[in-house]
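Read-outs throughout are calculated quantities, based only on the coordinates presented, and are distinct from any laboratory measurement. If you're wondering where the values come from, they're calculated on a predicted model, not measured in any experiment. Glycine gets a Cβ as well: all are built from the backbone with ideal geometry, and neighbour counts include every protein chain shown.
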Amino acid sequence: MATSKSMTLSSTTFAKLSPHPYLLANLQPADPSTTPTRTNGRQPSQTRTPYINTSSLSHAHGSAVVRNGDTTVICGVRGETILTSAIPNYRAPSPSDDSSSSLDEARDYDLLVPNIELATGCAPNFLPGVPPTTLAQTLSTRVYSLLHSSKLVDVSRLRIYPEEAGKENKEEDDEKMDEAEEIDEYAVAEDKAVKAYWVLYIDVLFISFDGNPFDTAWTAILAALRDTKLPFAYWDADREMVLCKPVFTAKEKQKKGSGSYWILVDPDRLEEGLCDETVTVVVDKLGRSTKILGISKHGGTVVGPELTKKMVATAESRWEQIHAAIE
Amino acid sequence: MADRRRINGPVGATTPPIFDKPAKPAVAKTRDSIRKIFLKTGITPSASGSAYLELENPNPKRTGNTSLKLMHRSQRGKDAVTCETRAKGILAYTLETALRGAIIADRWPKSGVDIIVTVVEGDQDRDSPESQKDDEGWDMMNVLSGCITVASAAIADAGIDCVDTVAGGVAALVCKDNKTAPTIVMDPVVAEHGNILAACCVAYLPTRDEITNMWFKGQLPGADMIVYDKLMEKSLVACRCANRVIIQELNETVKKGQGIS
């Protein structure tokens, strides 16, 4: 519609004057023989190729630069130690309750500190020198909750033990450590109390911003965590401090799925506290077809696309129930 | 710059790692030039002009570098502020005076330039305790000279009229211990040198042979003006070296632009 008028304008002027019709005109070309393309020349489903470079910072324990088109993000991970005596309401973890217990060390003791900064002049709409904007805060919070709910970082690797236990661990703390050794580590650690923890400060800086911030930031965090090498740390009882030795790798956790799961619709308080994964689907069936108003899924790794569809079906029947109750 | 984070981490104090065997102190290499500079303009397409600067670390053990990045945004039709920098106190102020001398403000009345420099990484290595005690802030000199160079490149990239490209350079008077005689080094790496007596950071316009800003800090032994002059001279040599990099990068950018159109 607007295309005929725009013939007299240059495309850049048109784009600036009315961006929305410009995008639509590109997506629905007047001539049906031309394939619809986006204003940036990409196909509707075409993504930008990500480019990732790790270990770019020298003073950080792990770092990554991710470039996705014109969005560039730099992420650095720094480890610092915190004594368990400095943690309020500290409760020693028992080696047996690894994943099932209610104790979530990383979350309860705030061992992961992700922060995203946009105020670097990465785009004209983010002013520098001001407190974090709503977007920066939202991104930080989303990354924070995803880091915890995905259980990406193996908390047992963040624990720091007294020296004796540490010595035995040292041989095992090689770059490639398989499951069997990991179990050994627990056996060694059993009678040794955790003295300190590593706290990972994860800082994400946007160098250049051209859309899709969460995706790029999360990719950078993944790449940087994978790249993170912490020094081997132990608790020195004589000096009453944490000392470090040369380097080992903090590896991402490959979680063993037990395989069996149950879907509990409309959980009560007890169930809610015990569930690893929650899916909330909001649907509207008032029209002819079902409209999905929102899907949010938190934690766990069980629910895939198939199960999500099933959840939507469950939500539909639930909607009927509630609709009937309201009427 | 206090209010930058919303997720603050644990309540208790955390400490950076302390090693049981301290790492060997870095050995100062004798150089008669500055460290290698990597400079790239146009890294932020959404800004009017931008540049990225990285310094080589001569010490292979610590593959460190000072990375500085600059975003630069020009706003036309705003207040009559020429140049506004938002950074840490003294750095921002010095950077502003250094650049103010180069920009031809009269050509763009009633317009402002926002210059944003983000220091990605400094020279200090927090893993080694000996470099953590840099209370005197010698490192800031290097950071400032990098800021000046990168800001100048970004301003040129944005196409803002300047009389010349400003370049920053640092020279310092260092001595190994109390017995040996102090020497002057260009572009000092703070961690490498045992004791820094004085340092000088200069912003310089090479083609016009003008200094827009100078920051001198420290104590010179005796009232020796010759040492002072030498220190200045060495800083100027460092500036000229840095300026060559700016010119080369800008030439390349121009060539690239011509190739497309």
Span from the region A:25-49 Cα centroid across to the region B:184-261 one, whole angstrom:
50
As a footprinting exposure proxy, order B:Ser50, A:Ser56, A:Ser296 by other Cβ within 10 Å, with the fewest listed first.
A:Ser296, A:Ser56, B:Ser50
Using r as the Cβ-Cβ distance of B:Asn8 and B:Met232, and R0 as 30 Å, what FRET efficiency do you calculate, to the nearest 0.05?
0.10
Taking a crude spin-label model, label points 7 Å out from Cα along the C-beta direction, the A:Arg239 to B:Ile104 distance in nm is 6.1
Using r as the Cβ-Cβ distance of A:Thr34 and B:Thr183, and R0 as 51 Å, what FRET efficiency do you calculate, to the nearest 0.05?
0.15
Could you order peptides B:142-154, A:275-287, A:72-84, A:139-151 by the average number of other Cβ atoms within 10 Å of their residues, highest first?
B:142-154, A:72-84, A:139-151, A:275-287
